[in-house]
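Here's the structure, in structure tokens; my notes come after.
The values are calculated or read from the model by the stated rules, or taken from the named source; none is laboratory data. Since the structure is predicted, the reported quantities are computational estimates derived from the model, not experimental observations. So basically every Cβ, Gly included, is an ideal-geometry build from the backbone, and we count neighbours across all protein chains shown. The accessibility values were calculated without ligands, DNA or RNA, using every heavy atom of the protein model including side chains. Shrake-Rupley method; radii C 1.70, N 1.55, O 1.52, S 1.80 Å.
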Amino acid sequence: MHPLAWWVWALGLGVAATRTTNPAVLGLLVASVVLVVMARRADTPWARAFPAYLVLGACIVVVRVVFYVVVGIKTPGTVLIDLPRVALPGWAVGVELLGPVTLTGLLVAVYGGLRLAALVICFGAANALANPRRALRSLPASLHQIGTAVVIAVSVTPQLVSSVADVRRAQRLRGQDARGVGALVACAVPVLQDALDRSLDLAASMDSRGYARAVPGSSGRQVGGLLLLALLAAALGTYGLLDGTSPPWMGVPVLLVGGVAAVLGSVLAGRQVTRTRYRPDPWGGPENLVAACGVSAALLLVVATATDPAALDPSLSPLSWPSLPPVALVSVLLAAAPAVIGLRRSPR
Amino acid sequence: MIRFEHVSVTYPGAIDPTLRDVSVVVPEGEMCLVVGPTGAGKSTLLRASCGLVPHFTGGHLEGRVLVDGRDTRTHQPRDLADVVGVVAQDPSSGFVTDTVEEELAYGMEQLGLPPAVMRKRVEEVMDLLRLASLRGRPLADLSGGEQQRVAIGAVMTSHPRVLVLDEPTSALDPAAAEDVLAALTRLVHDLGMTVLLSEHRLERVVQYTDRIISLSPGGTATQGAPESVLRASVVAPPIVELGRLAGWEPLPLSVRDARRQAAPLRALLQPGPRGGLTGSVSAREAGAPVLVARDVHVRHGQVHAVRGVDLRLRAGEVTAVMGRNGAGKSSLLWALQGAGPRSRGSVLVHAPGARPTARGQEPAQLSPANTRRLIALVPQNPTDLLYLDTVAHELEASDRQSGARTGTTADLLTHLAPGITPDAHPRDLSEGQRLALVLAIQLSADPRVLLLDEPTRGLDYATKQRLAAALAEHAGAGGATLLSSHDVEFVAECADRVVVLADGEVVADGAAREILVASPTFAPQVAKILHPLGLLTLTEVRHTLGAPA
Amino acid sequence: MRRQHGALPLGRRTVLALVLASLAGLLAFGWPLVLSPGSGLEHGTDAPLVLAAVLVAVIAVVMVALGDGGIDVKAIAVLGLLSAVGAVLRPLSAGTAGIETVFVVIILGGRVFGPGFGFALGSTTIFASALITGGVGPWMPFQMLAASWLGLGAGLLPRRVRGRREILLLAAYGAVGAFAFGWSMNLSFWPFQIGSGTSLSFVAGDPVVDNLRRFVLYSAATSLGWDLGRAVTTCLGLAVLGRPLLAALRRTAARASFGPLPPSREPDDPDGSDATRRVHAPTSPA
């Protein structure tokens, strides 16, 4: 599977998760993400990080609740535990500790935490499923050089780890104790020296294998202008987005113009790079399916919030049980679909 | 194919040129070997032939170098990538990606070749260098020989006409070296590639070469057919030295050629009534056991690297551990020293001056500082021990750490390798000098037992001789030495005893002469030529020739 | 007068690009203080996501601008290896409360190889480590930019300071920088992490001072220990390892003598000629 397909799928689910605070929808969304990860992950180091994301998600919910209990603004409602209020000294104006914990307040905290947790777990799923090395191969040509540095970093890391172990072991031979400032220096310096010496060897090897041939030179004013325009638009657009009083065109439209300029500049700069790709990851039917699942799951919920906001944000005053609107159910099923569809027959 | 015209190279900051007025030609389709002592500019010559000197390293190049008609002054190394393929000394340091297949394709990606062509060439090169079985493997998991072949393959995919290799087999065990050399000869013979390589262990390559460029310490070069150049060369493999001694004509380069001419010499060396050669290589007498290891096991995760090794090292004895890569040699050495893991068994070292009946000490149970007073190890990569910015600082730190009198390490170093500037950066030293520095540091604690892991990697003949002398001296002073090595010539020169490991077990243990002469893989060249006489080294031949007179 | 030093020389255009990108970055980091009611991002959950997307684009564009015209292959290799060193250090530190060693490498790299290199190093280090550990998320672009600023700043510190004073300068810079890193990350994710409805929460449209006060209380209550730990370890790391690591890096910088860019490079940057660049490459035997 192309790594970007997983990213599109996961980002789609992330967007879907931010559209709702309905715990039933969020819970099912998280369940489908977990299902897909269990079904599709390989035994790779990055896939093993996924449980950590689940723990992180749980922590987010717990932290929200703790914050609500300790410093929350206590809204009226059904009181669950009546904690005494503790007033703080003058410098912390407006902050009160503890106070009566209400069901409504607690649920607001839990729902908000769940939404954030679901978002984080979606990112965790993308991290677990997409092979980062292969993802690096999909960087645009204009990022060839910096991308090469990252490729190098990712591929030498395991060797650096063993180099640290070797040096520490070797320093023992010299009678160096394993602790203390001296040991730190004695370990850090050879490791860094090795890495640096190695980098020059690597550069020689890359150079004599034709590396910089692919980068014939600067691509002139046009590209520079486009890139600067893109950055200017990013700064302006961000401001426009944040400042509610600025004219509406200063927000999203400017950002979009900037995006177009960035893509154009990047494509033009990338034309200068003449390198080719050996066996690029194919983007075919399965990739389309997986990406479409994520995108349509997001679209469904975006449209649903626009038409029927109440169903996706269950009312807390008066309290009501969260319902499961049919459109959300469809969205969740779409999210879980990659567990069974989009399988490639002969994985490379 | 490659033409040097009055080339002199001076590095920035250096006063004397590294190469001085070199004019040599490497014709197309030849395998050409660059020989010379350390520091004579072998690497510089190789790097000048692919444009890395001066474009990459800096420095000043006079004269001109033409590669397939392209002048390196106007062509950057990358512009020569489709003509010259370069393989560095440590192939793993030049890998950009992390799997075999991607690495093979990397150069072609940079040249912008169409995907279909890349696909075809990768398969071709895999067949040519027998890499197909390694296709998807991570580069870090490959053995040294496999890495070297992948590195050669990675430049071959760009279809260069010339291959330049810096010491391609120095770090390899004999079998892996054979693989790499076989691959190279196939490229020369079947494809008509031009190969330019340097190598310290001439005994391995000299028989395959068509031409030798010999560099002198001053940086001047002579070239010619191997027989004629080696006749006068300062560095020569044992076979050539024997040929020179016996006055053979033409000078033999392979064991086969030498044996054909050796019958008269063998007759001359035939043991007289006084008896054959059976004794120890050195005249030393082994004393009491200094180190006793029983049933040593080492496990690294799933791998059972050492399985129940019993070993005794005696005072005044130099023992060599031999065996394939991965046979457990390094693990054994580290376990004996105590710094490495040991899952079972015991190691006892008898302190100097203790009663012979007293129980020895376990190195693993002492603090690192105390361990090294008993038993010291020089690891395979001695540079790991060095962390300061000048030799002088390293020497001071060493005196302090071993609690020795100020200047002890410096004296040891001067003795082992004279002429090292104290202000030099340890990493700027040659491999031999670095080894000497680390050996001096380890000897400053005056250990009873000295362990060396592959000490001869990358050393030239002169440095090896000095190392052998240092080991003999340590043994002479009542110390015990254990070294692991693939270098049969060096082992024949200096070891009294040889232990052969295979798959973590001891398969042979005995006097060096018995083990080495009998083994087809571990026999030194002289022994192979003079078989069944049982002479191991040139020194012995000289000695025997001199004795009857 | 333009400064011209380092492995990744900055042209006029690149400097401008860095300034604009930093402007966008400042807005993205400080959005809770800028946000006014009526904005589309009033909803606290969306802002970090939208801004992260903007920052990804901004960083990518700056990297394209940095790379345009060719980077010395040695600089690429050193960048890759130093990023790897940082990426190895990062997971080591993440597990232990507040210990953060990765900034030591970024700061020293920026100091020795110049501001452009420092900027690139910050981003590539965080990116590589996120890829290796599976830590790609909406926080990553913020971390990348913050680390890049740290490297850039280290490259812009006065160059004539050497010896003991240089270490002092770097250690002080490291302490302040590492602390600021933590607080700026807090600031951009504050409304996101705590949600609304607590007395430490972000309130869109409140006076900046009130929000700032709540933010300081929130930061002090949640992450002061981590931030202090990060500042102290960075400072100590630089104080202890600074001298030997600087020596090692400078030795490589001298050996690499970051040389001419590809020959077909356009002369849009007259200072980039071979002759001047050699001046920056101290002569030393290879």
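Listed values, structure above:
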{"item": "Net charge of Cβ neighbours under 15 Å - reference residue B:335; Lys, Arg +1; Asp, Glu -1", "result": "+3"}
{"item": "When each of B:329/B:464; B:120/C:74; B:42/B:464 is checked by Cα-Cα distance, pairs over 26 Å", "result": "B:120/C:74"}
{"item": "Hypothetical label at residue B:424: residues of the range B:437-454 whose amide nitrogen lies under 12 Å (7 Å Cα-Cβ projection)", "result": "B:437-438"}
{"item": "Carbon/sulfur fraction of accessible area - the protein assembly as shown, other protein chains in place, 1.4 Å, %", "result": "61"}
{"item": "Crossing angle, helix A:220-242 versus chain A [Cα axis fit, 0-90 degrees, rounded to tens]", "result": "20"}
{"item": "Euclidean distance between Cα centres, the range B:133-195 to the range B:36-101, Å", "result": "17"}
{"item": "For chain A, the fraction of alpha-carbon pairs in successive 20 Å shells from zero, as %", "result": "20, 45, 31, 4"}
{"item": "Chain A, helix-only ellipticity at 222 nm - DSSP H runs n ≥ 4, -39,500 (n - 2.57), divided by all residues, nearest 500", "result": "-22500 deg cm²/dmol"}
{"item": "Accessible area (Å², 1.4 Å probe, nearest 10) - residue A:260", "result": "90"}
{"item": "Ratio Rg/Rh, restricted to the range B:2-235 and using Cα atoms, in which Rh is the Kirkwood radius", "result": "0.96"}
{"item": "The protein assembly as shown - charge dipole about Cα centre, Lys and Arg +1 at Cβ, Asp and Glu -1, debye rounded to 20", "result": "840"}
{"item": "Residue B:469/residue B:120 FRET efficiency (R0 56 Å; Cβ-Cβ; nearest 0.05)", "result": "0.55"}
{"item": "Neighbour net charge for residue B:94 - beta-carbon separation under 12 angstrom, K R +1, D E -1", "result": "-3"}
{"item": "Accessible area buried between chains A and C, both sides summed, probe 1.4 Å, in Å² to nearest 100", "result": "7200"}
{"item": "Length-normalised contact order for the range B:289-518 - Cα pairs under 8 Å, 6+ apart - percent", "result": "28"}
{"item": "The range B:95-130 residues near the modelled residue A:277 label - backbone nitrogen below 13 Å, point 7 Å along Cα→Cβ", "result": "B:115"}
{"item": "In the range C:135-169, the trypsin sites (Lys or Arg not before Pro) that fall in loop regions by DSSP, at most 11 other Cβ within 10 Å", "result": "C:160, C:162"}
{"item": "Computed over the protein assembly as shown, the ratio Rg/Rh where both radii use C-alpha atoms and Rh is Kirkwood", "result": "1.02"}
{"item": "Label point at residue B:304 placed 7 Å out along Cα→Cβ; residues across the range B:481-523 whose backbone nitrogen lies under 16 Å", "result": "B:502-507"}
{"item": "Nearest-20 debye value, chain B charge dipole, Cβ charges on Lys, Arg, Asp, Glu", "result": "1340"}
{"item": "Rounded FRET efficiency, nearest 0.05, which uses the C-beta distance separating residue B:249 from residue B:270 and R0 of 22 Å", "result": "0.45"}
{"item": "For the range B:524-539 and the range A:252-277, distance of Cα centres in Å", "result": "70"}
{"item": "Relative contact order (percent, whole number), the range C:12-257, Cα cutoff 8 Å, 6+ residue spacing", "result": "25"}
{"item": "Largest-first ordering by accessible area, 1.4 Å probe, given options C:166, B:62, B:5", "result": "B:62, B:5, C:166"}
{"item": "Mean Cα-pair separation over length for chain B, i.e. relative contact order, pairs under 8 Å, 6 or more apart, %", "result": "14"}
{"item": "Cα pair distances exceeding 13 angstrom across the range A:144-215, given as percent", "result": "71"}
{"item": "Label-point separation in nm, residue A:343 to residue A:138, each point 7 Å along Cα→Cβ", "result": "2.2"}
{"item": "Cα-only radius of gyration and Dmax that characterise the range C:12-257, units Å", "result": "18.3, 58"}
{"item": "Label-point separation in nm, residue A:83 to residue C:226, each point 7 Å along Cα→Cβ", "result": "2.1"}
{"item": "Amide H contacts of residue A:102 (H built 1.01 Å from N, under 5 Å, at least 5 apart or other chain)", "result": "A:80"}
{"item": "Rounded Å value of the spacing that divides the Cα centres of the range B:479-495 and the range A:1-57", "result": "59"}
{"item": "Theoretical FRET efficiency, 1/(1+(r/R0)^6), r = Cβ-Cβ of residue C:165 and residue C:56, R0 41 Å, to 0.05", "result": "0.60"}
{"item": "Antiparallel bridge percentage (DSSP; both residues within the protein assembly as shown; nearest 5)", "result": "55"}
{"item": "Label-point separation, residue B:231 to residue B:191 (7 Å along Cα→Cβ), nm", "result": "3.5"}
{"item": "Residue A:168 accessible area, 1.4 Å probe, all protein chains in place, Å² to nearest 10", "result": "120"}
{"item": "Value at 222 nm in deg cm²/dmol, rounded to 500, when DSSP H runs of n ≥ 4 in chain B each add -39,500 (n - 2.57)", "result": "-10500 deg cm²/dmol"}
{"item": "Share, in percent, of DSSP beta bridges within chain B that are antiparallel, nearest 5", "result": "55"}
{"item": "Selection from A:162, A:285, A:251 lying farthest towards where the dipole of the range A:145-293 points positive, charges on Cβ", "result": "A:162"}
{"item": "Cβ-based charge dipole, chain B, positive-most Cα from B:44, B:125, B:388", "result": "B:388"}
{"item": "Residue (of C:234, C:27, C:60) at the positive-pole extreme of the range C:12-257, dipole from beta-carbon charges", "result": "C:234"}
{"item": "Share of pairwise Cα separations in chain B, more than 46 Å, in percent", "result": "16"}
{"item": "Dipole magnitude of the range B:310-410, debye to nearest 20 (Cβ charges: Lys/Arg +1, Asp/Glu -1, about Cα centre)", "result": "560"}
